[in-house]
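A short worksheet on the structure shown next.
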Amino acid sequence: MDSYGDSTALAAAYLIAALTWFIFAVVFYVLGSLFLMKIFEKAGVEGKWRAWVPFYNVMIFLKLGDLSPWLAFGFLLTWVPFLGWLVGIAMAVLMVLAAWRVGLKLQKSGAWVVLYIFLSIVWLGINAFDKSRWNPNIVPASWAGNGFLADRTVWQGIPVQPSAQAAPGYGAPQGYQPPAAQGYAPPQPGYGQPAAPQAPAAPQAPTFQPPAAPPAPAAPQPPVTPPAPPAPPATPSADPDAPQTGEQPPA
């Protein structure tokens, strides 16, 4: 009889514990969905029902946090023996990264993510009902150039996050051009086909120019007087010994 009573009490204790856990899980899920609905409204997500769909609301939360929403399927691997705990740690890290990015877009500093780590439901409630406004134009994430982690999906009703675009320094450098094949040089950017030859311009009609007026005649110059001719030389006398005119005779 004692063993029967002990087993009954143990079964009742298990039933009460399971019922308490179920009620707690339902309350936690309802509050979490309500808070996510308010955060999704701030982010511009269309349709309040998205926050109430299990697993799908986690995918949207990852997408708003600049992470690929398909990473949420990693939660399905947490039930795999020996591997589940590693996947669980990895998924917890991804959720913390998404919360950090969502907090930045809700005008929160990076230290707020510590509250999400220890009391995620409180973090969701504060961000849902405070006066913060959604700002997706923040610095791109460091993993924006990673093809596995970064968000590349486009879903109808969910705004595309500009901060999920590849950050400078990731991927191919800006303006990179692959090397040209040997022996062939591709046309340079901006090179266009040669311009078509233009038709010759039509000849212009000759314009009439009036004849220039003749220049005025120059005034007559006075005649130039010719210079006087030089005087003729003196005629020598017949007597060479005779004194020249003007000379005194010797005494």
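The values are calculated or read from the model by the stated rules, or taken from the named source; none is laboratory data. Since we're looking at a predicted model, the values are computed, not measured. Positions of Cβ are generated from backbone atoms using ideal geometry, with glycine treated the same way; all protein chains shown enter the neighbour counts. Only protein heavy atoms, including side chains, enter the accessible area calculation; ligands, DNA and RNA are left aside. Shrake-Rupley method; radii C 1.70, N 1.55, O 1.52, S 1.80 Å.
So, of the residues in the stretch 118-148 that are in contact (Cβ under 8 Å) with a residue 40 or more places away in the chain, in a loop (DSSP other than H, G, I, E, B) and open to solvent by 50 Å² or more (accessible area, probe 1.4 Å), which turns out to be farthest from LYS105 (Cα to Cα)? Checked the stretch 118-148; the qualifying residue farthest from LYS105 (Cα to Cα) is PHE148.
Please specify each residue of the stretch 76-117 satisfying the condition of being open to solvent by less than 90 Å² (accessible area, probe 1.4 Å), farther than 26 Å from ASN137 by Cβ and not in a helix (DSSP H, G or I). Correct list: VAL80, LEU83.
Total residues in the stretch 41-57 satisfying the condition of being assigned to a helix (DSSP H, G or I) and either free of Cβ contacts under 8 Å to residues at least 24 places away in the same chain or among the acidic types (Asp, Glu) (or both): the figure is 6.
For the stretch 18-40, the set of residues classified as over 14 Å from TRP123 (Cα atoms) and either open to solvent by 60 Å² or more (accessible area, probe 1.4 Å) or β-branched (Val, Ile, Thr) (or both) consists of LEU19, THR20, TRP21, PHE22, ILE23, PHE24, VAL26, VAL27, TYR29, VAL30, listed by residue number.
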